[in-house]
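See structure below.
The numbers here are math on the coordinates, done by the rules we state, and not lab data. Just so it is clear, the structure is predicted and the values come from calculations on it, not from any experiment. Neighbour counts are summed over all protein chains in view; Cβ atoms, including those assigned to glycine, are modelled from backbone coordinates with ideal geometry.
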There are 4 protein chains.
Amino acid sequence: MAAAMKALVKPAGEPGFVLADVPIPAIGPTDVLIRVEKAGICGTDQHIYAWDNWAQARVKPPLIVGHEFMGRVAAVGDAVRSVKVGERVSAEGHIADLTCLLCRTGQAHLCERVEIIGVDRDGAFAEYIAVPEYNVWRLDPAIPDEYAAIFDPLGNAVHTVMAAGVSIKSVVITGVGSIGLMAIPVARAAGAASVYAIDVNPAKLALATHLGADATFLATQSGLVDEIKARTNGDGVDVLLEMSGSAAAIDLGLQMVRNGGTAALLGIPGDSINLNLAERIIFKGLTVLGINGRRMFETWYQTQALVKSGRIDLSSIITHVLPYTQFDRAFELMRKGEAAKIVLDFKGESGSS
Amino acid sequence: MAAAMKALVKPAGEPGFVLADVPIPAIGPTDVLIRVEKAGICGTDQHIYAWDNWAQARVKPPLIVGHEFMGRVAAVGDAVRSVKVGERVSAEGHIADLTCLLCRTGQAHLCERVEIIGVDRDGAFAEYIAVPEYNVWRLDPAIPDEYAAIFDPLGNAVHTVMAAGVSIKSVVITGVGSIGLMAIPVARAAGAASVYAIDVNPAKLALATHLGADATFLATQSGLVDEIKARTNGDGVDVLLEMSGSAAAIDLGLQMVRNGGTAALLGIPGDSINLNLAERIIFKGLTVLGINGRRMFETWYQTQALVKSGRIDLSSIITHVLPYTQFDRAFELMRKGEAAKIVLDFKGESGSS
Amino acid sequence: MAAAMKALVKPAGEPGFVLADVPIPAIGPTDVLIRVEKAGICGTDQHIYAWDNWAQARVKPPLIVGHEFMGRVAAVGDAVRSVKVGERVSAEGHIADLTCLLCRTGQAHLCERVEIIGVDRDGAFAEYIAVPEYNVWRLDPAIPDEYAAIFDPLGNAVHTVMAAGVSIKSVVITGVGSIGLMAIPVARAAGAASVYAIDVNPAKLALATHLGADATFLATQSGLVDEIKARTNGDGVDVLLEMSGSAAAIDLGLQMVRNGGTAALLGIPGDSINLNLAERIIFKGLTVLGINGRRMFETWYQTQALVKSGRIDLSSIITHVLPYTQFDRAFELMRKGEAAKIVLDFKGESGSS
Amino acid sequence: MAAAMKALVKPAGEPGFVLADVPIPAIGPTDVLIRVEKAGICGTDQHIYAWDNWAQARVKPPLIVGHEFMGRVAAVGDAVRSVKVGERVSAEGHIADLTCLLCRTGQAHLCERVEIIGVDRDGAFAEYIAVPEYNVWRLDPAIPDEYAAIFDPLGNAVHTVMAAGVSIKSVVITGVGSIGLMAIPVARAAGAASVYAIDVNPAKLALATHLGADATFLATQSGLVDEIKARTNGDGVDVLLEMSGSAAAIDLGLQMVRNGGTAALLGIPGDSINLNLAERIIFKGLTVLGINGRRMFETWYQTQALVKSGRIDLSSIITHVLPYTQFDRAFELMRKGEAAKIVLDFKGESGSS
């Protein structure tokens, strides 16, 4: 194994990444070294690339970025038992402490001391990454590389859909960015009786229709709450999947949920929002679920089962697969809204391993 | 049966009630006429008495007020089968339409077309009240009259506690007005491992301690989140029962809940509030439950079981039982904070039936 | 309205039914009289027709049989508010007392004092039937008559599937009689990731495949537990839907469920069975659900949503629609296994109303 | 550390144990060596001591027995991070593989490849035991040694109670051996509204009353189902906790549960039993839960919370604390029914560490 590798690095507190030669990560007795083959670009990566307020407050350069990926096991620590060199894997990017109440009771995705790869510690936009054995997910041969590379955001969609519960239910999705779009076929495959999508972007709504939404609506359309109620016997939908983080969308979406319904909130508002708790949640008897990450590893099993069942087709969402050396072009495409999900190839372009 | 009865009436849009002679309510084929014996005064009644903004927006005088009560069946409609003249009863005060999705699926407490007695239609501060057979609750002989008269607010406490689930869990209650106070022995009897109470009023906190709180705290105390975490292995409580409606208490309470925990919101903020959804709910993976009324009739059965088990003692909360003719004194005592729960007696003072 | 009507009657304790002229049922203030248009034949009806041991122990002739039906409201009692003459309706055939703990807590389908139409009281194989207002289900215009006529058994399938929970889960169905067959498209539409069907009848397995089963197996095939485990990563299925009532199938099905999985039991064994509780249920940590009837009215709403979503096609299960006068032929077809579900037409053949 | 230690060993396939000098267990990088201080004797140990049919089929001598214990960490493997030498600990005795579906989804207690210490691999009746870091439970200082030594069976009781859910519910416990006895104060502390205990042994029923049962009954008493129904408004109990494994008790207990109720089965029948599934489970719409072991580590947290809350007192159940050298006397006391729970002391008697 070479002593150095290529990686996309945030070198200092300023916009952009650099392609750099850095040491291959060392591994401890319970760690696994993975040769990255493909990695997805997430909105979080865009924030770090652009070095916006959130990134400045959270990220401490220098840092290797990226957290959605798949590859093959290159080396394992002495105490590793469950995975072997050469196996095709992805990994959960939330590194939990595994010792707290939450980790010890099946809720490691909510560990208070979690570190996220590519955000809090070195990430996956590199030829190699080291993660704890616990985090490694062995890939079923039936999962294509591109899907495997984006199990992380697909898992966000699956976790949100499954936490809310959509079986024979009516569903509104507010915000169809890449995770919101994924949530459409996921919700249909998970048994939703009807799926409505709302966004400010007509192009995304067209893609939402392509992915199986029963109807789509511009968020700016007037009378939208009445429109949704008219389609649901006057009651409102059973389930809201909020994936925009927009205060207006949250307020609108909550109005669309029937009394006694469920709202799963995945979108992250940038700031505090003004909310009429009494009218939107309390009198309606809503169940509101904060959604974070993916369950370890219920969500991974569910995501695998969905992909293997052949019931979700994400090919229209993965708009580009590019060599990792073209990362600046990739972020430019995303900035311009000319791409949905871009996957970087760290294997085809590299001759180093 | 007399053709007229005494009742406490809101005659017009101005503060105060009047004691008036009004017709005894007529009953339809599925209605039950109840001779009221005891009735509790609720915060809602205070709002209507004072004729504040909320009352002006909601209530249409003239109206007989009051919604917490017990009494005996005086007459039944031709189609009534489940209850007989002379039976000792209370009644659910939310008159649901019984035909909508919610009513037909066990969630009548969330019916969109609900009418509340004493708020939207004539209420219980009278010698007689008519309610649908569906709403009548036959009282177990083991339930004392005073407890039976306040099954409505006690039911709010039980519903909140049971919706959240407290069995072997740590619990914070923010706001110990009469329902918050009731929630303390209810939570203990329902299996809470620990109960902490927070309020701005030291006298109520003293009562909270008397009722079984493990520790109580002034809401103004600094470092309160750390204090609660220190008492819960550093994690925070499993459950928040929010019973104040205060924006500050809601924000404080949500900080005290551990990741993955549950917050049940019963208190009604007077207006929209500013809330950091990301930090308080989403990243924490909280389950937030809007709580409204009482389940028909799970909550009534649970309340009955609790009282019959002898595990809750509300004698310190029912501070006064007064003849209904002293209603002005009762509202004065409540306004001054010199009473917790006042029960009006509509039987002892009256010779009319 | 005519004073007499045609009905299929069990006149006495012997095999067969007779077509008789009987009085149109009287209605009380809270009852609804329905002009029956179409009615499904159930296995229960076959038992009563054949007058087997179960029928002899349960049924008290004379009795109008039949419990699956749809029609139009012909008259309503004085206190009926939610339904009008002329409306197109079906009805829940379990007449619950509506006053007990179960009825008052959303579990009326488990009422201890339930009476079933066509079994314990006069049923639906007639021109008219009277049922309580509570039991009437107003039909959505999008529901075809034939589907509406079999909402009862379709509801059994939906209730079983939804009680077990199949969203993104692997499912085995043991026993694909008409309800087991219906459960296949229901499970798929409700989000099952995979559905396997087992039966002793190859023809039914062929129909199961047609209805969407991923794989089907003869119950007599050796190594079936290993076969199912091989298709589920070695774990076994997440969910068993037991719809045969066969002791052998119950034992086989329980072996196929993974540890921690769920088994929903709808099939009724004719007698006590021998069961290895320790190996089949306790050590495995299974959740076993007894399934009875349909939830009032969650199941009806779910069934309606499924049919309206266009995701289930039962046309291959409804093999015959016959005039009711041909009831003897219908029972003969069922006895010979030459029909799956037969619907009797009580409207087209009749000139009496 | 000494190279040899004292241990209670099953040397060969015959009744009894021997006190032997054996090597101190070696530890791997993720293992923890614990100096045992106190250990509880379980019914399983009695089976192995007596060398009955079950033991002969399951246990492969030579084997160090025992699985309930507490002690202090004596050494840790190189990769161990969460626990330090000298810490006071207990341990979950089910050694799961941590790599399967169940282990990866919060159900490690149901791992198909579990090994149980003292049954499948060397156990805790010794001066030292080695267990994986994952299994170690760090003890809160507030937990007394004797309680800590029996967290395993106490955890069985807690897991059964919490899986069933008893908050404001009526509960019957069939079988009050040591776990059934523990379940009484556990159920009360977890919020049960009423607890009834049934057994064939009057002495145990007396202890059940002492521990908080509302009423106790000899299993042989006639009319017992009616008796329980009379105490529960005619409905039957909400919850059955079956802790006897007796076919007769299972049948009796299931009859006592109300329609729609829950039965949690912990007791292990020695063989297949005859069960009327239709009458006892299916028509009643019961939820039946197979209970195995304890949840890792929800149950351990719950058990800790219960003991710390001061709401359970097990002093009357722990009838003896004996030096481990008196093991033959201990098993004799248990065989004669003269002891409930016996704790062996491995520290006080030993001078070797």
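With the label 7 angstrom out along Cα to Cβ, how close does residue D:336 come to the same site in each of the other copies, in nm, nearest first?
List, nearest first: 7.2, 7.7, 9.2 nm.
Please list the non-local residues whose amide H lies under 5 Å from the amide H of residue B:344, H modeled 1.01 Å from N, same-chain partners needing a gap of 5 or more.
Amide H neighbours of residue B:344: B:39, B:40, B:41, B:322.
Show me, bin by bin at 10 Å from 0, the whole-percent P(r) of the stretch D:11-154 based on Cα pairs.
12, 40, 37, 11, 0
With just the Cα atoms defining each centre, how far is the stretch D:172-239 from the stretch A:164-236? Give it in Å.
Centre-to-centre distance over Cα atoms comes out at 52 Å.
Report, ordered by chain and residue number, the lysines lying within cross-link reach of residue D:6, taken as a straight Cα distance under 22 Å and ignoring same-chain residues fewer than 8 apart.
Residue D:6 reaches D:38, D:60, D:347.
For chain B, report the translational diffusion coefficient in µm²/s to the nearest whole number, using Stokes-Einstein at 37 °C, 0.692 mPa s, and a Kirkwood Rh over Cα pairs. Don't jump to the answer; show the numbers that get you there.
Values: Rh = 20.9 Å.
Reported coefficient: 157 µm²/s.
In nm, one decimal, shortest first: how far is the label point of residue B:223 (7 Å from Cα along Cα to beta carbon) from the matching points in the other copies?
Copy-to-copy label distances at residue B:223, shortest first: 6.0, 6.4, 7.0 nm.
Assign unit charges at the C-beta atoms only (+1 for Lys and Arg, -1 for Asp and Glu), then state the dipole size of chain C relative to its Cα centre in Debye, rounded to the nearest 20.
Working: 31 positive and 38 negative charges, 114 e Å.
Approximately 540 debye in magnitude.
Only Lys, Arg, Asp and Glu count, each charged at its Cβ (+1, +1, -1, -1), so figure out the dipole size of the stretch D:159-290 about its Cα centre, rounded to 20 debye. Walk me through the numbers on the way to the answer.
Working: 8 positive and 10 negative charges, 50 e Å.
I would put it at about 240 debye.
In angstroms, what radius of gyration and Dmax does the stretch D:263-353 have, counting Cα atoms only?
Reported Rg and Dmax, both Å: 19.5, 62.
Give D:308/D:341; A:341/B:284; B:169/D:204 a once-over and call out the pairs whose C-alpha atoms are over 23 Å from each other. Mind dumping the intermediate values first?
Working: D:308/D:341 21 Å; A:341/B:284 27 Å; B:169/D:204 30 Å.
With Cα atoms farther than 23 Å apart: A:341/B:284; B:169/D:204.
Taking +1 at the Cβ of each Lys and Arg and -1 at the Cβ of each Asp and Glu, which of D:95, D:202, D:312 sits farthest along the dipole of chain D towards its positive end, judged by Cα position relative to the Cα centre?
Farthest towards the positive pole: D:312.
Residues with amide H under 5 Å of residue C:74's amide H, sequence separation 5 or more or different chain, H placed in the peptide plane at 1.01 Å from N; which?
Residues meeting the amide H criterion: C:33, C:34, C:35, C:86.
Can you show me the helix-derived [θ] at 222 nm for chain A, built from DSSP H runs with n ≥ 4 at -39,500 (n - 2.57) apiece and divided by the number of residues, rounded to the nearest 500. Don't jump to the answer; show the numbers that get you there.
On the way: 10 runs with 91 residues, N = 353.
Value at 222 nm, helices only, nearest 500: -7500 deg cm²/dmol.
Select the chain D residue whose beta carbon lies nearest to the rotation axis carrying chain D onto chain C, and write the distance in whole Å.
That would be D:288, 2.
What ratio of Cα Rg to 2.2 N^0.38 Å holds for the stretch A:95-201?
1.26
With a Förster radius of 41 Å, plug the Cβ-Cβ distance of residue C:72 and residue B:26 into 1/(1 + (r/R0)^6) and report the FRET value to the nearest 0.05.
Values: r = 33 Å, r/R0 = 0.81.
That gives a FRET efficiency of 0.80.
Taking R0 as 45 Å, what FRET efficiency do you get between residue D:231 and residue D:271 from their Cβ-Cβ distance, rounded to the nearest 0.05? Don't jump to the answer; show the numbers that get you there.
Details: r = 32 Å, r/R0 = 0.72.
The computed FRET efficiency comes out at 0.90.
What translational D, rounded to a whole number of µm²/s, comes out for the stretch B:47-121 from Stokes-Einstein when the hydrodynamic radius is the Kirkwood one over Cα pairs, at 10 °C and 1.306 mPa s? Mind dumping the intermediate values first?
On the way: Rh = 14.5 Å.
Rounded to a whole number, D works out at 110 µm²/s.
Would you mind computing, in nm to one decimal, how far apart the modelled labels at residue C:99 and residue D:336 are, each placed 7 Å from Cα along Cα→Cβ?
It works out to 5.9 nm between the two label points.
Can you report the principal axis dimensions of the stretch B:159-290 using only the alpha carbons, biggest first, rounded to whole angstrom?
37, 31, 29
Along the charge dipole of the stretch A:159-290, Cβ charges K/R +1 and D/E -1, which of A:175, A:164, A:241 sits furthest on the positive end?
Of A:175, A:164, A:241, it is A:164.
For the stretch C:1-45 and the stretch D:93-156, what is the separation of their Cα centres, given in Å?
Cα centroid of the stretch C:1-45 versus Cα centroid of the stretch D:93-156: 63 Å apart.
Would you mind listing the distances between the residue C:274 label point and the same position in each other copy? Use 7 Å along Cα-to-C-beta, nm, one decimal, shortest first.
1.1, 7.4, 7.4
So what are the three principal axis dimensions of the protein assembly as shown from its Cα atoms, in whole Å, longest to shortest?
93, 70, 62
In terms of the ratio Rg/(2.2 N^0.38 Å) built on C-alpha atoms, what value belongs to the stretch A:1-52? Before the final figure, lay out the partial values.
Values: Rg = 13.4 Å, N = 52, 2.2 N^0.38 = 9.9 Å.
With N residues counted in the stretch A:1-52, Rg over 2.2 N^0.38 Å equals 1.35.
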